1. Output the residue which, of all residues in region 298-331 that are away from the ligand (no atom under 11 Å from the Cβ) and hydroxyl-bearing (Ser, Thr, Tyr), is modelled with the lowest pLDDT.
2. Any residue in region 139-147 that is assigned to a helix (DSSP H, G or I) and in contact with a helix residue (DSSP H, G or I) (Cβ under 6 Å, 6 or more places away or on another chain)?
3. Which residue out of Ala295, Ala342 is at pLDDT 95 or above, away from the ligand (no atom under 16 Å from the Cβ) and in contact with an Asp or Glu (Cβ under 9 Å, 6 or more places away or on another chain)?
4. Within region 393-403, is even one residue modelled with pLDDT of 95 or more, closer than 19 Å to Ile484 by Cβ and within 16 Å of the ligand (Cβ to nearest atom)?
5. Between a residue in region 454-469 that is in contact (Cβ under 8 Å) with a residue 40 or more places away in the chain and within 12 Å of Ser182 (Cβ to Cβ) and any residue that is away from the ligand (no atom under 13 Å from the Cβ) and among the aliphatic types (A, V, I, L, M), which pairs come within a Cβ distance under 7 Å, given they are 6 or more apart or on different chains?
6. Restricted to region 228-267, and to residues that are away from the ligand (no atom under 15 Å from the Cβ) and hydroxyl-bearing (Ser, Thr, Tyr), which residue is modelled with the lowest pLDDT?
7. Which members of region 398-445 meet the condition of being buried (at least 22 other Cβ atoms within 10 Å of the Cβ) and of a type in the set (S, T, N, Q)?
8. With among the aliphatic types (A, V, I, L, M), more than 21 Å from the chain's Cα centre (by Cα) and within 16 Å of the ligand (Cβ to nearest atom) as the only criterion, which of Ile452, Ile409 stands out?
Amino acid sequence: MYYRSTRGAVAGQSFEAAVLGGLAPDGGLYIPERIPAVTAEQLAQWSSLAFPELAAELFALYVDSGEITKAELETLATRSYATFRHPDITPIRALSESQRLSVLELFHGPTFAFKDVALQFLGNLFEFLLQRRNAHKQPGDRRDRITVVGATSGDTGSAAIYGLRGKRDISVFILHPRGRVSPVQERQMTTVLDANVHNVAVEGTFDDCQDIVKQLFADDEFRVQYSLGAVNSINWARILAQIVYYFFAYFQAEASGLKRTDEPLVFSVPTGNFGDILAGYYAQRMGLPIRLICATNENDILDRFFRTGIYSKSSDGVAQTWAPAMDICVSSNFERLAWYLARDTVVEVEGHGAEAERARDVEASAVVAAWWTALKSHGGFQVDAATVAKAGEVFLSAKVSNDEMLATICAWYERSAEEHGTPYVLDPHTAVGVKAAEKLRVERSDCNGPIICLSTAHPAKFDEAVERALANVATQVRFSFDDIRPVEIEALAAKERRCEQVPEAEAKLIKEVVRQGLQAEGIAI
Ligand SMILES: *Cc1c(COP(=O)(O)O)cnc(C)c1O
């Protein structure tokens, strides 16, 4: 399997090049040159596999055995999911049998957020690729290594740190705006004391931190000298890892009777950068009979696109909501979907065979490049009705306001206390997905079957929003955080912390922190 860029100037890249490269050199995103199809027989065979086994089967379709063998993929998957607390890795839990609504809990990894599913794998994969390159080096030879630099407003940082901690030949520097990430998230990051982990608290905003990271990557000399690498949500390996739970959940839903044979299954996905839901799109294109609800908060660029075909930045900038991991202006992974839509509906190349297919690929990239040029210069672009209709074959969408989000947490707390005796607490991001599902049930006639809402974080990570939502519950079962706070999160408060303070949001200060941090690790640059 080779990888190409959505913008068309790069093709024929290995999986390793796509993963270690992150962004393609032409500014596009890497996509596989074709999407492998899964047969009904394969689906039947896979339906009883454990999560890591299923992961290895799926990964093997996207990675040539000449690059990484199936056995090696199995080892990587097994190691990556051994850190999860639940035996099923991503279990399904019924919210309401009568309403046929469930949640797929993706938060049983080390940092209690769905990003662990991808970043646990990515960390092991990076290490594997580097160790292979370094295997034949003599003592004193320069080793291949990566310095991961990233900025976080909360969730991604801790998941990246837990994915990369202790990994050989990898150092990680995570910048966060001092005092502006939640206390739980701050503790999760700064209590990791591995020598290769460097937390940096910057006096400034998240945007300042992100600007500094951009400046570091734009500095060719610095980037090459320190072998800078990124683990952001556009990395192909992250999408790949996320495909697994759509299949796994589908099989679970069938086995448990949640979904009847021949009944369609709908997933509702709280969406920000379109990485999570894009993995569902790949699963669908591979042959899994599913549809996807794109659930957005007040940052609704995607909901507007699916309803109107207009993809345009909001003139108000990014809105701050109770679901901060979905607070985006544009969705970085959307370009991948745009490429497939362009190829399916806009491209007008006649004929059959390999040559015509290649011409269609090239044409689709030209369309995408033009759309993204318009996005940059005019703040948006519009696609035609056929393209909107094509997207609508797989995607539904709904937007959920801040107030609706909190009301949904409260409503399901009360309902689950009634229906199951014990209340269930949704995190604010998950509540966006649940509310979107409820809205579409009312709005549309083709949404009556089972819906699985992806639960992307444990509610204890977003305690302020949850406290607010549950301040006045109307049931006997009063809410107390002590009932739901995991011991692992509780224990963080007493742990030793390490964090570098940087008094000004200046790239040159961060460069110095990187230099000194690597020196402290004993790495000669
Ligand atoms: C990152 C994140 C999301 C959004 O996922 P995307 O892949 O960016 O769409 C939703 N919820 C939580 C808790 C997250 O951390």
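The values are calculated or read from the model by the stated rules, or taken from the named source; none is laboratory data. For clarity, every value in this text was computed on a predicted model and none was experimentally measured. Here the Cβ is made from the backbone with ideal geometry for all residues, glycine too, and neighbour counts use every protein chain on show.
1. Only one residue fits best here, namely Ser315.
2. Restricting attention to region 139-147, the residues satisfying the condition of being assigned to a helix (DSSP H, G or I) are none.
Looking through region 139-147, none of the residues is assigned to a helix (DSSP H, G or I) and in contact with a helix residue (DSSP H, G or I) (Cβ under 6 Å, 6 or more places away or on another chain).
3. Working: Ala295 fails: away from the ligand (no atom under 16 Å from the Cβ).
Of the residues listed, the single one that is at pLDDT 95 or above, away from the ligand (no atom under 16 Å from the Cβ) and in contact with an Asp or Glu (Cβ under 9 Å, 6 or more places away or on another chain) is Ala342.
4. No, there is no match, as no residue in region 393-403 is modelled with pLDDT of 95 or more, closer than 19 Å to Ile484 by Cβ and within 16 Å of the ligand (Cβ to nearest atom).
5. Filtered contacts from region 454-469: Ala460/Ile484; Ala460/Ile489; Ala465/Leu406; Val466/Ile409; Val466/Val425.
6. So, considering only residues that are away from the ligand (no atom under 15 Å from the Cβ) and hydroxyl-bearing (Ser, Thr, Tyr), the one modelled with the lowest pLDDT is Thr261.
7. Thr408, Thr430 - these are the residues of region 398-445 that are buried (at least 22 other Cβ atoms within 10 Å of the Cβ) and of a type in the set (S, T, N, Q).
8. Values: Ile452 fails: more than 21 Å from the chain's Cα centre (by Cα).
The conditions single out Ile409.
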